[in-house]
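Encoded as structure tokens, the structure appears first; notes follow it.
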Amino acid sequence: MKDVVIETKALTKRYNDFTAVDALDLTVYKGEVFGMLGPNGSGKTTTILMLLGLTEPTAGKIEVLGMDPARQPLSVKSRVGYMPDQLGFYDELTARENLSYTAKLNGLKRKEAGERIDAALERMGLHDVADHKVATFSRGMRQRLGVADVLIKQPQVIIMDEPTQGLDPEGA
């Protein structure tokens with residue numbers, strides 16, 4: 001039997017009279033790639049925020065890696081990598097410096113951080129521009145840096161909001 005990494009039952013989020021997410025039943029298993037498609041305002045980002053424990057559901061049940069994100073947000077965040085739709089890199093820093101900052105925030109030792117950063121930059125095709133300031137990066141390069149940023153944490157689950165926005169076919 002496959003391990004369940006994300007499960008929701010009747011997950012609902014209302015903002016006053018507006019229902020953003022309506023009784024969502026969802027099961028995602030370890031090793032699966034799962035995507036949600038829908039127009040703006042259809043509840044995709046709200047669902048992600050509930051999965052991360054950044055907003056509480058109005059009703060229903062939610063588990064990520066067997067934990068309730070609303071009750072155990074730090075435990076969930078330590079095991080889940082998240083790439084938001086609006087990436088927040090420091091333009092005056094290089095790609096490597098931005099990733100080093102993330103590694104430090106995640107408590108990685110310098111040697112291990114350096115190895116993970118190099119591997120992530122290589123995997124995302126950014127090794128040649130690792131020491132360039134992020135201000136010079138195109139939207140697609142920033143997106144790839146966002147993926148690298150998630151990878152250095154080596155999370156059990158990766159959640160991305162609008163991950164292919166601005167990517168060229170090679171970058172995607």
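The values are calculated or read from the model by the stated rules, or taken from the named source; none is laboratory data. Predicted model, so just to flag it, every value in this text is computed and none were measured. Because the Cβ atoms are built from the backbone with ideal geometry, glycine has one as well, and the counts that use them run over all protein chains shown.
Brief remarks follow.
- Search result, residues across segment 30-44 that are buried (at least 18 other Cβ atoms within 10 Å of the Cβ) and at positive phi: 43
- Among the candidates 118, 91, 128, 149, residue that is assigned to a loop (DSSP other than H, G, I, E, B) and either in the same structural domain as residue 56 (by TED's automatic domain parsing) or at pLDDT 95 or above (or both): 91
- Residue count, segment 1-23 (criterion: assigned to a strand (DSSP E or B) and either surrounded by fewer than 19 Cβ atoms within 10 Å (Cβ to Cβ) or among the hydrophobic types (A, V, I, L, M, F, W, C) (or both)): 16
- Which listed residue is within 21 Å of residue 161 (Cβ to Cβ), surrounded by 13 or more Cβ atoms within 10 Å (Cβ to Cβ) and of a type outside the set (Asp, Glu), from 81, 88: 81
- Residue that is farthest from residue 146 (Cα to Cα) [pool: residues in segment 76-124 that are of a type in the set (Asp, Glu) and over 15 Å from the mean Cα position of the chain (by Cα)]: 112
- Matching residues in segment 79-113 - criterion: being within 12 Å of residue 130 (Cα to Cα) and small (Gly, Ala, Ser): 95, 100
- Count - residues of segment 132-163 that are buried (at least 19 other Cβ atoms within 10 Å of the Cβ), within 30 Å of residue 63 (Cβ to Cβ) and touching a Leu at 6+ places or on another chain (Cβ under 9 Å): 7
- Annotation note: of 27, 47, 58, the sole residue that is out of contact with any Gly (no Cβ under 6 Å at 6 or more places or on another chain), crowded, with 19+ Cβ neighbours inside 10 Å and over 30 Å from residue 119 (Cβ atoms) is 47.
- Scan of segment 96-108 for residues that are small (Gly, Ala, Ser) and either surrounded by fewer than 15 Cβ atoms within 10 Å (Cβ to Cβ) or outside the structural domain of residue 118 (by TED's automatic domain parsing) (or both), ordered by number: 107
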